[in-house]
Amino acid sequence: MLMVRCYLAPSQIEGLGLFCHDDIAKGDQVWRYDRMLDLVYPMTKLDTVDAPARDFLERYSFPDMDRPGYMMLFGDEARFINHAMYPNLDFSDGLRGIAAQDIPAGTELTCDYSDFHTGEIVLQPPRHRVGGLHSTTH
């Protein structure tokens, strides 16, 4: 669950990104796990859903580092936080996203996907129409 006001906008990183409405101070909690909003499910469920649901879950879910064999899906716009090698958010504890630096209003929020994944990080092609452009691969 996002703890700060945010909005979606075109990203120079990939498709859509999540941007903060207001300044965020280093150390502020930006996101926290909320079992009412954030879905945790066993990875085996991916084999039981239809293709559109599987595509969605594979794109936006990530391994739950506290529960091997389970995936987590953010229930709000946090799923649009894009990857950066030098992110402004730290998700390394798995249940909270903390500002790693002061973040001015209007800045895209980023995280290091290796906080959630082990092994190679594979980025998927854009899925959303942004500024009249879109990808036909998804």
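Residues that are assigned to a loop (DSSP other than H, G, I, E, B), crowded, with 16+ Cβ neighbours inside 10 Å and modelled with pLDDT under 95 do not occur anywhere in region 47-62. The set of residues in region 42-62 being of a type outside the set (K, R) and touching a helix residue (DSSP H, G or I) at 6+ places or on another chain (Cβ under 8 Å) consists of L46, V49, L57, E58, Y60, F62.
Looking across region 83-138, the residues that are hydrophobic (A, V, I, L, M, F, W, C), at pLDDT 90 or above and not in a loop (DSSP other than H, G, I, E, B) come down to L89, I98, A99, I103, C111.
Cβ contacts < 6 Å: first residue without any contact (Cβ under 8 Å) to a residue 24 or more places away in the chain, restricted to region 1-18; second residue crowded, with 17+ Cβ neighbours inside 10 Å and hydroxyl-bearing (S, T, Y), any location; separation 6+ or different chain. Result? From region 1-18, no pairs qualify. Does M36 fit the bill of being surrounded by 13 or more Cβ atoms within 10 Å (Cβ to Cβ), on the phi < 0 side of the Ramachandran plot and modelled with pLDDT under 95? Answer is no for this residue.
Filtering region 63-82 down to residues that are assigned to a loop (DSSP other than H, G, I, E, B) and closer than 29 Å to A9 by Cα, which residue is modelled with the lowest pLDDT? So that I can check it myself, show each step before the final result.
First, the residues of region 63-82 that are assigned to a loop (DSSP other than H, G, I, E, B): 64-69, 74-76, 81.
Checking the rest, the ones that are also closer than 29 Å to A9 by Cα come to 64-65, 74-76, 81.
On the way: D64: 85, M65: 79, F74: 92, G75: 93, D76: 95, I81: 94.
Filtering first and then ranking leaves M65.
Among the residues of region 27-42, is there at least one that is among the basic types (K, R) and over 21 Å from S92 (Cα atoms)?
Keep residues of region 27-42 that are among the basic types (K, R), which gives 32, 35.
With the extra rule that they be over 21 Å from S92 (Cα atoms), the set shrinks to none.
Within region 27-42 (the criterion being among the basic types (K, R) and over 21 Å from S92 (Cα atoms)), the answer is no, since none of the residues qualifies.
The values are calculated or read from the model by the stated rules, or taken from the named source; none is laboratory data. In this text the structure is predicted, and so the values were computed from the model without any measurement. Every residue, glycine among them, receives a Cβ derived from its backbone with ideal geometry; neighbour counts consider all protein chains shown.
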